[in-house]
Structures are given as C-alpha cells and as structure tokens.
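Just so it is clear, none of the values below were taken in a lab; they were calculated from the coordinates. Keep in mind that this is a model prediction, so the values were computed, not measured. Positions of Cβ are backbone-derived with ideal geometry, glycine not excepted, and every protein chain shown enters the neighbour counts.
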Amino acid sequence: MDDSIRSDGLKITVSAQWPRPSVCVVRLAGEVDVASADPLVDFLREATVRRPAHLVLDVSGVRFLASAGVGLITSALRNAEGIHGRLHLIGVAGNRAVARVLDLAGVRRMLDVHEDLERLLAHLDRS
C-alpha cells in the first residue's frame, strides 16, 4: 500500500507494509504538519483496519515534525481516531528534526522507541 499526500507544496510519502501478520509498519518521509496530519490519520486508520497487534511508525525520513504531527503520534499512541495497534517508533535516533520536537513536547518518554525494525521485531519475539 503506497500513497502520497501534498503538504504546502511539498510531498510527503507514506507507505505501509506487514512484515508479520500482527505488525503494520508505516513509513513517513517528508513534512508532517497541519496540512498532512488529517490525511495521515486517514491513512493510518485504513492501514490498521485489520487491527494489528503492533503499529510501527518509521519516522527516519521525516524532515519536519510540527505540533500537528505530535498530535498524530499521540492519537496513534491512544488508539484514537480509529487507529489500531500498540504504537512503536523507529527512526527517531539520529533524526534531530523528530527527536527534538518529541523531547520539547514532552512525549518522547511516553513512546516505545527502538533503533530499527530488526531490533524491534527481536524485542517483540522476546516479549
């Protein structure tokens, strides 16, 4: 499942894959702002309609994260807006644009952040 959404003239790319039947990985690349937040909620709702046990947001390609993007992440964390699955984030480490905003908003400590998908899947195997 691939899709793209325009955000203030800049393209944001969104894709979803299922590396396991219970794990939905959504990759975001570009800017997550007020213009893209609502379409992204719709995408996440559709991508998780099968109710995965785990929803992984890969934010490694996000160049800008606005407060609307933080709201999107917290909605996914709370399983609000029809978004399903326990939320995990990858791609935060080494991405100052995302890490700094999550720290300033005070939400990073509430999130389950992992280095990469392989380590997250290994962690899920051990749980």
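Looking at [x] 14.8, 49; [y] 19.8, 66; [z] 13.3, 43, which value of Rg and Dmax of the Cα atoms in Å comes from a calculation on the structure shown?
[z]
Name the residues whose placed amide hydrogens come within less than 5 Å of the amide hydrogen of T48, ignoring near sequence neighbours (fewer than 5 apart) on the same chain.
Under 5 Å from the amide H of T48 lie the amide H atoms of H84, each far enough along the sequence or on another chain.
Per residue of the range 84-98, in order, report the coupling 6.51 cos²θ - 1.76 cosθ + 1.60 (Karplus, θ = phi - 60°) as ³J(HN,Hα) in whole Hz, putting x for Gly and Pro.
Each residue's phi maps through the Karplus curve to give 10, x, 5, 7, 9, 10, 10, x, 7, 4, x, 10, 4, 4, 8 Hz.
Over the range 66-109, what portion of Cα pair distances is larger than 15 Å, expressed as a whole percent? Don't skip to the end; give the middle numbers.
Details: 389 of 946 pairs.
For the range 66-109, the fraction of Cα-Cα distances above 15 Å is 41 percent.
Could you tell me which trypsin sites (Lys or Arg not before Pro) in the range 64-122 are loop residues by DSSP with no more than 16 other beta carbons within 10 angstrom of their beta carbon? Write down the numbers at each step before the final one.
On the way: sites: R78, R86, R96, R100, R108, R109, R119; in loops: R78.
Answer by residue number: R78.
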